[in-house]
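Okay, so here's the structure we're looking at.
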Amino acid sequence: MGHDRLLPTLLLLLGIGVWELLARLLAVPLWVLPPPSRILAALVRDHALLRHHLAVTLEEVAVGLVLSTMLAVVLAVAIVSSRVVERSLYPLIVASQAIPIVALAPLLLIWFGYGLAPKVIVVVLICFFPIAVNLVDGLRGVDPELVDLVRSLGGSRWQTLWIVRVPAALPAFFSGLRVAAAVSVIGALIGEWVGSSAGLGYLMIRAASQFHTDRVFAAVLLSALVSIALFWSAGLLERAALPWRTVPRTES
Amino acid sequence: MTSRAAPPRVELRRVTKVFRRGRERIVALGPIDLLVLNREFVSIVGPSGCGKSTLLNIVAGLEQPTSGEVLLDGQPAPERLGRVAYMHQRDLLLPWRRLVDNVVLPLELRGVPKHEARRRALPWLARFGLAEFAEAYPAQLSGGMRQRAAFLRTLLAERPLLLLDEPFGALDALTRAGLQEWLLALWEELDRTVILVTHDVEEAILLSDRVVVLGPRPGRIVVEVPVDLPRPRAYDVVTHPRFVELKARVLGALRNQTLPEVHRDGP
């Protein structure tokens, strides 16, 4: 456990150290590449500004993730329970991922303006897919004998769904949710780049155009931390929801 | 309480099962005629692939026969799901449920409130030696305990007819013998009808009132051997001369079915 984290931490610290050293020794202009110490300083100096924009991005991500989950659940259940839906909808859903979201974002701007909506839509377009696909796999992968067991005990279709299919599919669902949580911030940033008046993505663009490179890095660092925190929270949620997966096995 | 004069618990009339694989028709079973009386313990033995499990699936209502009819308690019963308790070779405990919640599943499916279901299961858990593991997840239990839990769940379905599909087949010999003895003792006081599928001839004779031998696919009844050993029985009945005699008969019937295959495969 300790060793698992020690090595990447050491490597990261080494990289930061080399970066700091080179930036100072070679006297790289601050607007090209500020050393890590300056980025840290910007993080402290601009904390009020960063917090303001972080809150906007967090809202987009949170609303987007909740809507993605809802959409993914509805789609997955529909796909699994109906052949017609599966044949007609599933290929389209897969095809939807071939559309470059970056290209779609300007259209969303035209249709929905500068507000929350277009960013949330970008987040949903990116996030519903991994959740839906994993959930479909999970619902399909249910042990058919468990389903037969509930049927043989007189369980209805509905009971089979709630007692067997849903719990059996939860691990796959959480795998999808973890991926979605990790990429959700990217969706919000893309949405903000195209057109917005607030958010970490907006801050990056504005700071870059003013050559406040340290501030750009501070915003990048924050958004990365948000991604990691979301990924980690999804894992925590999974462990809390599925205690049976982490119990110690005592085979006697 | 129904008496022994009641109509047969299960009756199969000319039951067949045909599977289709592409254009191929595979006759898996039958035609089979079988009567199982109320409170009777009948074992079905046969070579693997003879359709034993298909037969149980049909009685349980998970599959419908291609032709023929299934009667429960003297009445045609086209819808049988939920009327029969069925236990698989695999314990099929839901890994996300604690043992007690697995065991009360049949009660829950019938709408019995959770605390009431748990209350009803508690004395049984003690009798099955599972009380102290009630809150454990299946992954934390040994194979023998899991199988006992699966059996208790089958009992709590509170159905007069139990179908057991090689319930001890996946266990090691020692655990298996222990559970057979345990089932034998439990059986004497249970007011249930049992159809047991097994390929363990000793197990079949030890537990049953009658052993039905099926031939290779398509499974048909080759011979029925009534087990006239006195009850209550204990495990040491296996050394009884009559037991040995019955075992020879069943094994003989099984061997007659499989021998021609061996000859055909020979040089």
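The values are calculated or read from the model by the stated rules, or taken from the named source; none is laboratory data. Please read these numbers as outputs of a predicted model, since none were measured by experiment. Note that we place each Cβ from the backbone using ideal geometry, even for glycine, and neighbour counts take in every protein chain shown.
Within the set B:Gly61, B:Gly111, the sole residue that is surrounded by fewer than 22 Cβ atoms within 10 Å (Cβ to Cβ) and free of Cβ contacts under 8 Å to residues at least 12 places away in the same chain turns out to be B:Gly111. Looking across region A:196-239, not a single residue is more than 19 Å from the chain's Cα centre (by Cα) and within 14 Å of chain B (Cβ to nearest Cβ). Residue by residue through region B:163-197, note down the ones that are buried (at least 21 other Cβ atoms within 10 Å of the Cβ), touching a strand residue (DSSP E or B) at 6+ places or on another chain (Cβ under 6 Å) and either assigned to a loop (DSSP other than H, G, I, E, B) or of a type in the set (A, V, I, L, M) (or both). Scanning region B:163-197 gives B:Leu163, B:Leu164, B:Pro167, B:Val194, B:Ile195, B:Leu196, B:Val197. For the residues A:Gly154, A:Gly113, A:Gly191, the requirement of being crowded, with 22+ Cβ neighbours inside 10 Å and touching a Gly at 6+ places or on another chain (Cβ under 9 Å) singles out A:Gly191. Of all residue pairs spaced 6 or more apart or on separate chains, those with beta-carbon atoms under 8 Å, a first member in region A:137-158 that is touching a residue at least 24 places away in the same chain (Cβ under 8 Å) and a second member that is of a type outside the set (Ser, Thr, Tyr) and part of a loop (DSSP other than H, G, I, E, B) are A:Asp143/B:Leu92.
Residue under question is B:Glu40, and the condition is that it be surrounded by fewer than 24 Cβ atoms within 10 Å (Cβ to Cβ), under 15 Å from the mean Cα position of the chain (by Cα) and away from chain A (no Cβ under 14 Å); does it hold? Against the criterion (surrounded by fewer than 24 Cβ atoms within 10 Å (Cβ to Cβ), under 15 Å from the mean Cα position of the chain (by Cα) and away from chain A (no Cβ under 14 Å)), B:Glu40 qualifies.
Are any of the residues in region B:211-218 surrounded by fewer than 18 Cβ atoms within 10 Å (Cβ to Cβ), without any contact (Cβ under 8 Å) to a residue 24 or more places away in the chain and either assigned to a helix (DSSP H, G or I) or among the basic types (Lys, Arg) (or both)? No, because not a single residue in region B:211-218 is surrounded by fewer than 18 Cβ atoms within 10 Å (Cβ to Cβ), without any contact (Cβ under 8 Å) to a residue 24 or more places away in the chain and either assigned to a helix (DSSP H, G or I) or among the basic types (Lys, Arg) (or both).
For beta carbons closer than 8 Å, sequence separation of 6+ or different chains, a first residue in region B:19-34 that is more than 18 Å from B:Val223 (Cα to Cα) and surrounded by fewer than 19 Cβ atoms within 10 Å (Cβ to Cβ) and a second that is of a type in the set (Lys, Arg) and modelled with pLDDT of 85 or more, the qualifying pairs are B:Phe19/B:Arg25; B:Ile26/B:Arg20; B:Val27/B:Lys17.
Just checking, how many residues over region B:122-144 are outside any helix (DSSP H, G or I), at the interface with chain A (Cβ under 10 Å from one of its Cβ atoms) and buried (at least 19 other Cβ atoms within 10 Å of the Cβ)? Residues meeting the conditions: 2.
Conditions (1) within 13 Å of chain A (Cβ to nearest Cβ); (2) more than 24 Å from B:Val45 (Cα to Cα); (3) outside any helix (DSSP H, G or I), marked per residue:
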site	(1), (2), (3)
B:Leu71	no, no, yes
B:Arg80	yes, no, yes
B:Arg90	yes, no, yes
B:Leu93	yes, yes, yes
B:Asn102	yes, yes, no
B:Arg120	no, yes, no
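Residues in region A:94-112 that are without any contact (Cβ under 8 Å) to a residue 40 or more places away in the chain and either assigned to a helix (DSSP H, G or I) or on the phi > 0 side of the Ramachandran plot (or both): A:Val94, A:Ala95, A:Ser96, A:Ala103, A:Leu104, A:Leu107, A:Ile110, A:Trp111, A:Phe112. Evaluation of B:Thr66 against the conditions (1) more than 13 Å from chain A (Cβ to nearest Cβ); (2) touching a helix residue (DSSP H, G or I) at 6+ places or on another chain (Cβ under 7 Å) shows that the sole unmet condition is (2).
Per the conditions (1) assigned to a helix (DSSP H, G or I); (2) closer than 13 Å to A:Leu221 by Cβ, the sole criterion not satisfied by A:Pro34 is (1). With the structure loaded, tell me whether A:Glu60 is closer than 16 Å to A:Leu200 by Cα, out of contact with any Phe, Trp or Tyr (no Cβ under 7 Å at 6 or more places or on another chain) and among the acidic types (Asp, Glu) or whether it fails that test. The answer is yes for A:Glu60.
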